Amino acid sequence: MPGHQRNACMKKQLLTFCLSLLSLPLAAQQFTLPAGYESQQQKAVAIASADFNGDGKSDFAFAVPSSQQVTLLLAGPNGSYQAVALAIPGISSLDSITDLVAADIDGNGRIDLVVGTTNGTVVFLQNNGSLEYKSTIPGSVQAFSVEDQNHDTHLDLTLLSPTGALTVALGNGDGTFAAPFAVTSDALASSVNGRARGKE
């Protein structure tokens, strides 16, 4: 299964799982949500799960329709969660978040967050103890995935435009990306060979 389809499938399964938990009686949920969160959770359009603060517990990041921010639910003691709002720079009031992918983009052992929006913007939030704006990936993106496309151990961004064009922004391993290039078999092979030669 291609990476972008696999990521979409996993996100749907995670969202379904979270919503199923909310449908259980409170006594069976085994966790406590922040006040006022329950109604928002049921409208979530994007969700990712990872240990964002490095305490060994699984946290959640989610966005609701027509929202320009991401909400983190940080796991606390006894199944409780603390909500933290993250504003996303560069998103207008007419834009909203559609996709969230959690991954260690810069290789520092902390989980970063990649955010996609309705106007095709992709924003990278770097985790250096807290999630903060790092960069915006240029272009108009309908969907994206995060994986190591050229096998250099650095995570890359595969970007799909509204016209169906596929591009790849190669990760440099430090939280930055090279300019996206159009994907062809020759282009990807050249990129793999170029990175391999750079390691020699």
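The values are calculated or read from the model by the stated rules, or taken from the named source; none is laboratory data. Computed from a predicted model, the values in this text were never measured in an experiment. Glycine also receives a Cβ, built like all others from the backbone with ideal geometry; neighbour counts cover every protein chain displayed. Heavy atoms of the whole protein, side chains included, go into the accessibility calculation; ligands, DNA and RNA do not. Shrake-Rupley method; radii C 1.70, N 1.55, O 1.52, S 1.80 Å.
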Subject >> Cβ pairs under 7 Å, 6+ apart, first in the range 104-131 and without any contact (Cβ under 8 Å) to a residue 24 or more places away in the chain, second in a strand (DSSP E or B) >> reply: THR118/THR98
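Scan the range 120-130 for residues that are closer than 28 Å to PRO162 by Cβ and open to solvent by 10 Å² or more (accessible area, probe 1.4 Å) and report the count.
Filtering the range 120-130 for residues closer than 28 Å to PRO162 by Cβ gives 120-126.
Right, trim to open to solvent by 10 Å² or more (accessible area, probe 1.4 Å) and you get 121, 126.
Total meeting the criteria: 2.
Each row is one residue, and each column tells you yes or no for (1) open to solvent by 60 Å² or more (accessible area, probe 1.4 Å); (2) at pLDDT 90 or above; (3) not in a loop (DSSP other than H, G, I, E, B).
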{"site": "GLU132", "(1), (2), (3)": "yes, yes, yes"}
{"site": "SER140", "(1), (2), (3)": "yes, no, no"}
{"site": "PHE144", "(1), (2), (3)": "no, yes, yes"}
{"site": "HIS151", "(1), (2), (3)": "yes, yes, no"}
{"site": "HIS154", "(1), (2), (3)": "no, yes, no"}
{"site": "LEU157", "(1), (2), (3)": "no, yes, yes"}
{"site": "GLY164", "(1), (2), (3)": "no, no, no"}
{"site": "VAL168", "(1), (2), (3)": "no, yes, yes"}
{"site": "GLY175", "(1), (2), (3)": "no, yes, no"}
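Do you know which residues across the range 137-160 are hydroxyl-bearing (Ser, Thr, Tyr) and within 13 Å of the chain's Cα centre (by Cα)?
SER145, THR158
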Original post:
Of the residues that sit in the range 104-119 and are of a type outside the set (D, E, K, R) and surrounded by fewer than 18 Cβ atoms within 10 Å (Cβ to Cβ), which one is nearest to ASP51 (Cα to Cα)?
Top reply: GLY109
